[in-house]
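Here's the structure we're looking at; comments come further down.
The values are calculated or read from the model by the stated rules, or taken from the named source; none is laboratory data. The structure presented is a predicted model; accordingly, all values stated were derived computationally and were not measured. Virtual Cβ from ideal backbone geometry, glycine too; neighbours counted across all protein chains shown. Each accessible area value is taken on the protein alone, full model and side chains, heavy atoms only, with ligands, DNA and RNA left out. Shrake-Rupley method; radii C 1.70, N 1.55, O 1.52, S 1.80 Å.
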Amino acid sequence: MMARIFSGIQPSGELHIGNYLGAVKNWVQLQHQFESYFCVVNYHAITAAYDPPELQRRTHEMAVGLLAAGVDPSKATLFLQSQVPEHTELAWIFNTITPLGELERQVAFKEKAAKQEQVMAGLLNYPVLQAADILLYLAELVPVGEDQVQHLELSRVIARNWNARFSPEPPYFPEPQPRLTHTRRIVGLDGQSKMSKSLGNTIGILEEPESIWEKLRPAVTDPARQRKTDKGEPTKCPVIYPLHQAFSPEATVHEVETNCRQAKWGCIDCKKSLLTNIVNELTPIRERARDLQSNPARVTETLEAGAAKARVVASKTIRHVKEKMGLPLASNGG
Ligand code: SF4
């Protein structure tokens with residue numbers, strides 16, 4: 001039997017190449033190796049101020065991007081968090097066994113709370129919902145980058161606490177483990193911060209080649225390369241070289257290294273080569289997205305079918321949990 005994996009993504013609208021390379025491209029591979037549950041976490045999105053029609057638009061766009069990028073509903077279960085009510089039901093149950101101190105010392109909470117005038121309870125309880133997202137599917141693995149490994153620790157604490165109280169032998173919930181992804185952190189086009197839509201330093205996966213070029217052309221490179229004849233060092237090139245490593249064939253990456261160090265290419269030549277490789281990878285995605293955009297009902301139906309599939313597992317978990325906790329079930333078994 002295939003191991004189960006869970007991963008969630010915020011409904012931030014159109015995917016950019018940072019989320020694509022950092023998460024989604026990896027999902028597309030994982031769906032062939034694991035029983036995969038991929039969720040657009042719109043309940044998490046409402047812990048910050050938001051506009052309802054805008055959230056709905058962004059949620060739909062994210063779903064289009066995921067499907068266009070290759071998440072295959074016949075292989076993976078793709079769904080919206082708000083369409084599987086068991087997520088919040090389990091989160092409430094987990095709230096009752098999670099010490100307040102564990103939540104208050106989460107770094108992400110402290111950082112976000114410091115920026116808000118009034119801190120809502122949902123922000124504090126965000127990691128409890130995250131634990132519910134994962135444990136609802138009894139997922140053993142969660143794909144994460146190295147910088148996110150500690151985020152999973154609280155989910156393990158919650159699984160341990162619940163098991164100790166209600167199902168010690170055998171433990172009901174697995175303690176989810178990180179499945180490290182080897183994707184590198186993609187720096188934004190400014191060459192400084194992480195690629196993020198709010199910073200305006202991204203390339204969208206559905207952008208047209210002309211628009212991508214407008215962004216690549218002025219991107220910062222190795223400062224040693226003032227003139228075409230100046231030799232450079234690719235590892236000091238914060239944006240273009242890492243993107244070549246992500247999008248270009250190995251032979252091209254070697255060519256970039258040689259031509260940069262020996263000043264055989266100017267940076268514009270190097271950027272043109274990168275553009276070709278980015279466009280080669282993104283064009284089929286853009287075409288699939290166009291097709292999906294012209295048929296929004298199909299996307300909605302796909303998500304609803306994904307939620308129905310997810311609920312088969314989710315309702316079973318809730319049934320077991322409630323039975324063990326002395327909580328009578330609803331007449332429909334939920
Ligand atoms: Fe960067 Fe390419 Fe210019 Fe070298 S030649 S500095 S890798 S853009």
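Given DSSP loops and a limit of at most 11 other Cβ atoms within 10 Å, what is the longest stretch of the chain that contains no such trypsin sites (Lys or Arg not before Pro)?
116-226
Length gain on complete extension for the stretch Glu104 to Arg319, per 0.36 nm per residue less the alpha carbon to alpha carbon distance?
The Glu104-Arg319 span can extend by a further 74.4 nm.
What aspartates and glutamates sit close enough to Lys231 to cross-link, taking a C-alpha to C-alpha distance under 16 Å and skipping anything fewer than 8 places away on the same chain?
Straight-line reach from Lys231, under 16 Å: Asp222, Glu255, Glu257, Asp269.
When only C-alpha pairs under 8 Å and at least 6 residues apart count, what is the relative contact order of the chain, in percent?
Normalised by residue count, the contact order of the chain is 21 percent.
Please tell me the relative contact order of the range 206-290 in percent, rounded to the nearest whole number, where contacts are Cα pairs under 8 Å and at least six residues apart.
Working: 86 pairs, mean separation 29.6, N = 85.
Reported as a whole number, the value is 35 percent.
Of the cross-linked pairs Lys197/Lys271; Lys25/Lys228; Lys75/Lys112; Lys75/Lys215, which ones have a Cα-Cα span greater than 32 Å in the structure shown?
Violating the 32 Å limit, Cα to Cα: Lys25/Lys228; Lys75/Lys112; Lys75/Lys215.
Does anyone have the angle between helix 267-293 and the longest principal axis of the chain? Alpha-carbon axes, 0 to 90°, nearest 10?
Helix 267-293 sits roughly 40 degrees off the main axis of the chain.
What FRET efficiency would be calculated for the residue pair Gln262, Lys194, taking the C-beta separation as r and a Förster radius of 35 Å, to the nearest 0.05?
0.65
Would you mind telling me the antiparallel percentage of the DSSP bridges in the chain, rounded to 5? Working shown, then result.
On the way: 2 of 17 bridges.
Here the antiparallel bridges make up roughly 10 percent for the chain.
Can you pull the percent of the chain's accessible area that's carbon plus sulfur, 1.4 Å probe, other chains left in place? Don't skip to the end; give the middle numbers.
Numbers: 8730 of 16560 Å².
It is 53 percent, rounded to a whole number.
If one takes the longest principal axis of the Cα atoms in the chain, at what angle in degrees, from 0 to 90 and to the nearest 10, does the Cα axis of helix 296-325 lie?
With rounding to tens, the tilt is 40 degrees.
Suppose R0 equals 25 Å; then what is the FRET efficiency for Lys215 and Lys75 from their Cβ-Cβ distance, rounded to the nearest 0.05?
The computed FRET efficiency comes out at 0.15.
What are the extents of the Cα atoms of the chain along their three principal axes, in Å, largest first?
In descending order, the Cα extents are 76, 44, 43 Å.
Return the aspartates and glutamates within reach of Lys316: Cα separation strictly under 12 angstrom, same-chain partners fewer than 8 residues apart disregarded; answer none if there are no such residues.
Qualifying aspartates and glutamates at Cα under 12 Å: Glu86.
Spin-label point model (7 Å from Cα, Cβ direction): what's the Glu281 to Ala308 distance in nm?
Each label point is offset 7 Å from its Cα along the Cβ direction, giving 3.6 nm.
If you count only protein heavy atoms with a 1.4 Å probe, what accessible area per residue comes out for the chain, rounded to a whole Å²?
50 Å²
Between Glu208 and Gln10, what is the label-point separation in nm under the 7 Å Cα-to-beta-carbon projection?
2.9 nm
Compute the long axis of helix 151-166 from its Cα atoms, compare it with the longest principal axis of the Cα atoms of the chain, and write down the angle in degrees, 0 to 90, nearest 10.
10 degrees
Could you tell me the extents of the range 206-290's C-alpha atoms along the three principal axes, largest first, rounded to whole Å?
Projected onto its principal axes, the Cα set of the range 206-290 covers 43, 25, 17 Å.
Enumerate the residues in the range 41-58 having an amide nitrogen under 20 Å from the point lying 7 Å beyond the Cα of His151 toward its Cβ.
41-50, 58, by backbone N distance to the label point.
Roughly how many nanometres apart are two label points built 7 Å out from the Cα toward the Cβ at Lys272 and Gln56?
It works out to 4.7 nm between the two label points.
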